[in-house]
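Notes to accompany the following structure.
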Amino acid sequence: MNNKTPKAIKGYWSNGRFVKPEEIAAEEVGPPSKTQLKAEADEKQALGEALLTLRADLMARLDLPDKLRDAIASAKKITNFEGRRRQMQFIGKLMRPLDCDPIREAIDEQLNGSAQLTLALHLAEQWRDKLVADDLALQDWLTAYPATDSQQLRALIRQTRKDYKPENPGEAPRHGKAYREVFQLVKETMKNANQESQE
C-alpha cells in the first residue's frame, strides 16, 4: 500500500476553476494594467515638467518632435496655474509615444554633471599637480599633447612654483593665479585633443 501523499500542485482557484502557474504566466504577459498605464503617464508628465528647466545645449541634443518643443516653449510663458496645469497635461500626452531614456539621461546630466566631464576635470587636476611637482612630467605631457605651447606652460609652471612658497616660515603654501592657469591650459589642451580625435 502506498502511503505517499500526493504532491501539491501550485496554483490557485479563480471563479470555480484551478489556475496553474503556466497559465498565470501566460495571463501576465497581457496588456499593461490601468495602474501601470497611469504610472507611466505620470512619469512622462513629470519628465515633461523637468524639460521646462533643461539647459538649451542639452535640449538641442534631444530628438524631440517640433510639436513638443512648441508646447514646452508655450508652457514656459504661462503664468496662470490652471492654464499651466492643462499645458503640462498636453505635454505629458505628447510624450506618451516617445522613448524617454534620452530625456532621463539629459535631466540626469543636468542634475549630476556628465560622467565624462567629471573624469576629464579629474585628469586635468592630476596632470596639473604632476607638472607642478615634477620636471619629468612636462616631457610626458608634451609627448602626449605635442600641440601644447611648451614655452607658455613652462613659464606658468615656474610661476606656480614661485607662488607656492610660503611668504613666512610656518605658513601654508598658497596657490596663485598661475596655478589656476596651468589647470585651464591643461584642461583646454586635453579637450581640443579629444575633439580632434573624434572628428
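All of the numbers you see were taken from the coordinates with simple rules; none came from a lab. All figures in this text were calculated on a predicted structure; none of them were measured in a lab. Methodologically, a virtual Cβ is constructed for each residue, glycine included, from the backbone with ideal geometry; neighbour enumeration extends over all protein chains shown.
Could you tell me which of the pairs Lys162/Lys191; Lys38/Lys76; Lys44/Lys67; Lys34/Lys67; Lys44/Lys93; Lys34/Lys93 are separated by over 20 angstrom between their Cα atoms in the structure shown? Don't skip to the end; give the middle numbers.
Values: Lys162/Lys191 28 Å; Lys38/Lys76 25 Å; Lys44/Lys67 16 Å; Lys34/Lys67 27 Å; Lys44/Lys93 8 Å; Lys34/Lys93 16 Å.
Over 20 Å Cα-Cα: Lys162/Lys191; Lys38/Lys76; Lys34/Lys67.
Average the reciprocal distances over every distinct pair of alpha-carbons in segment 47-159, invert the result, and give the Kirkwood radius in Å. Walk me through the numbers on the way to the answer.
Values: mean 1/r = 0.0564 Å⁻¹.
Over segment 47-159, the inverse of the mean reciprocal pair distance is 17.7 Å.
Label points 7 Å out from Cα along the Cβ direction at Thr35 and Gln89: separation in nm?
Taking the two extended label points, one gets 2.4 nm.
Can you give me the distance in nm between label points at Leu123 and Glu105, each placed 7 Å from the Cα along the Cα-to-Cβ direction?
About 1.9 nm separates the two model spin labels.
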